[in-house]
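The structure appears right after this line, and notes come after that.
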Amino acid sequence: MEALHGLAPRVDFDIFTEVPQWFFADSLSCKFLYHPLQSDVGLVQKTPFASDLLQTLKLLDDFYPPKTDIVDSLSGMLKHRKSTLVICDISPLGIVAAKRAGIPCLLVENFTWDWIYEDYVAEHEGFLKHINYLKAVFSSADHRFQTQPVCNPCNADLTTSPVSRKHRTPSPAVRKELGLDAESKVVLVTAGGIPSQFPSLEKFSGDKGLFFLIPGAIEKMKIQGHVILLPHRSGFFHPDLLNASDVVVGKAGYSTLAEVYWAGAPFGYVNRRGFRESGPLARFIERNMRGMAIPQEEFHEGSWVSKIAELFSMKRLPPGGVNGSEQIARAILHLIQ
């Protein structure tokens with residue numbers, strides 16, 4: 001959205017999601033209308049690394065196929081707003097509503113939920129009917145873009161580089177606001193913003209010039225020795241924090257991977273066991289980034305800290321090419337024109 005706004009400032013956006021409105025307010029410079037809406041189920045998460053499959057199945061049974069009144073209301077809103085294009089970030093509801101409204105729709109994905117659920121059929125046959133339904137919905141999109149790392153390549157209209165938000169503030173200014181200087185060694189640690197996922201902070205003591213930056217781990221900013229704890233909405237733009245760090249350690253989710261990729265920082269990545277996307281993400285890191293796999297047990301215990309020197313020895317690897325957000329924005333502009 002931000003990239004498209006840069007190309008076509010008069011384009012407005014309606015956002016239908018359960019993601020908090022403040023996230024978009026902090027990330028976008030363009031106008032948008034926010035509509036709180038459950039648009040998907042995905043996977044129910046017990047922790048950043050563990051899913052609840054039975055609860056996921058229960059919610060899928062309740063949600064799909066989408067209720068007629070929900071689809072009618074959403075499609076009516078799209079027509080009332082004179083929407084030109086419906087863009088779906090693996091949310092099938094958007095495609096269904098767009099079809100009902102007679103508006104072109106674009107699916108943007110690095111995986112789809114039917115592909116993810118295929119891994120669970122042997123254990124829970126209830127996923128099969130949802131796989132068949134979702135596969136048909138996703139296949140009905142008028143346009144399809146895939147973003148690297150692509151999990152299940154298909155005959156897409158466009159395949160892009162990793163998609164991420166871009167940093168805004170230069171690293172020295174961010175470090176100064178954090179109370180750090182240019183010589184400080186900074187490790188950003190992330191596990192989805194859940195404090196209980198982090199080991200005892202004593203594990204993070206060490207070199208005098210080494211600091212650990214942990215966003216989303218506390219309600220109010222706090223500095224505890226060599227550890228800087230930040231709230232989920234800290235006033236710092238997350239890509240700026242990442243760009244100002246020398247090393248990143250944490251869960252290898254798509255958005256984190258993409259932001260680390262464009263920052264060029266070494267990535268101590270923790271794979272999510274039992275999640276089908278993890279393999280393609282890990283392979284992309286190993287082939288295209290400076291990275292080191294960290295087992296979940298080491299991450300939770302904090303014993304990975306002994307590998308800090310090895311991560312710092314990898315140095316940065318500035319990527320080439322164009323951010324996938326710009327590639328998608330140009331393609332969308334072509335579609336709506």
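No value in this document is a laboratory result; all are computed from the given coordinates. Here the structure is a predicted model, which means the values were calculated and not measured. Note that each Cβ is placed from the backbone with ideal geometry, even for glycine, and that neighbours are counted across all protein chains shown.
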- [ ] Set the Förster distance to 25 Å, then compute FRET efficiency between Glu297 and Val121 from the Cβ-Cβ distance, nearest 0.05.
- [x] 0.35
TODO: Could you pull out the GluC sites (Glu not before Pro) across region 98-161 that fall in loop regions by DSSP (anything but H, G, I, E, B) with no more than 14 other Cβ atoms inside 10 Å?
DONE: Glu123, Glu125
Task: Centre separation in Å (Cα based) which lies between region 81-124 and region 259-284 - done: 24
Task: Answer label for Cα extents along the principal axes in Å (calculated), chosen among (i) 76, 46, 37; (ii) 87, 40, 30; (iii) 61, 49, 37 - done: (iii)
Open item on the list: Quick check: pseudo-label points 7 Å beyond the Cα along Cα→Cβ at Thr159 and Leu85, how many nm apart are they?
Closed with: 2.1
Open item on the list: Between Leu93, Leu281, Leu54, where does the largest GNM mean-square fluctuation fall for the chain, given springs only between Cα atoms within less than 10 Å?
Closed with: Leu54
Task: For Asn323, net neighbour charge (Lys/Arg +1, Asp/Glu -1) across residues whose Cβ lies under 13 Å away - done: 0
Task: Highest-fluctuation residue, Ile90, Ile285, Ile70 considered, GNM on the chain with Cα pairs under 10 Å - done: Ile70
- [ ] Mind giving me the nanometre distance, one decimal, between the label points for Asp207 and Arg287, set 7 Å out from Cα along Cα→Cβ?
- [x] 3.2
Task: Cut-off 9 Å between beta-carbons: net charge of the residues surrounding Cys30, Lys and Arg +1, Asp and Glu -1 - done: -1
Task: Antiparallel DSSP beta bridges within region 171-313, as percent of all bridges there, nearest 5 - done: 15
Task: Principal-axis tilt of helix 127-139 within the chain, Cα atoms, nearest 10 degrees - done: 80
Task: Summed side-chain charge close to Ile116 - residues other than Ile116 whose Cβ falls under 9 Å, Lys, Arg +1, Asp, Glu -1 - done: -3
Task: For region 171-313, size of Cβ-based charge dipole, Lys and Arg +1, Asp and Glu -1, in debye - done: 280
TODO: Give a quick list of trypsin sites (Lys or Arg not before Pro) in region 218-294 that DSSP marks as loop, anything other than H, G, I, E or B, with at most 16 other Cβ atoms within 10 Å.
DONE: Lys220, Arg233, Arg273, Arg276
Open item on the list: I need the shape label for region 1-132. Rule: rounded when a/c is under 1.5, else prolate if a/b > b/c, else oblate, with a, b, c from the alpha carbon gyration tensor.
Closed with: prolate
Task: Distance in nm between pseudo-label sites at Asp69 and Ser255 (7 Å out along the Cβ direction from Cα) - done: 3.2
- [ ] Kindly express, to the nearest 10 degrees and within the range 0 to 90, the angle between helix 278-288's C-alpha long axis and the longest C-alpha principal axis of the chain.
- [x] 60
Task: the chain: angle of helix 68-80 to the longest principal axis, Cα-based, in degrees nearest 10 - done: 90
Open item on the list: Tell me the Rg and the Dmax, in Å, that the Cα atoms of region 92-241 produce.
Closed with: 21.6, 62
Task: DSSP bridge orientation in the chain - percent antiparallel, rounded to nearest 5 - done: 15
- [ ] Starting at the first residue of region 50-57, write each ³J(HN,Hα) from the Karplus equation 6.51 cos²θ - 1.76 cosθ + 1.60 with θ = phi - 60°, in whole Hz, x for Gly and Pro.
- [x] 9, 10, 10, 5, 5, 5, 4, 4
Open item on the list: Which three extents, in angstrom, do the Cα atoms of region 171-313 have along their principal axes, listed largest first?
Closed with: 39, 29, 29
Open item on the list: Report the gain in length on full extension from Lys307 to Ile223: 0.36 nm times residue separation, minus Cα-Cα distance, nm rounded to one decimal.
Closed with: 27.9 nm
- [ ] Specify the residue with the greatest mean-square fluctuation among Ala122, Ala244, Ala263, computed from a Gaussian network of the chain linking alpha-carbon atoms under 10 Å apart.
- [x] Ala122
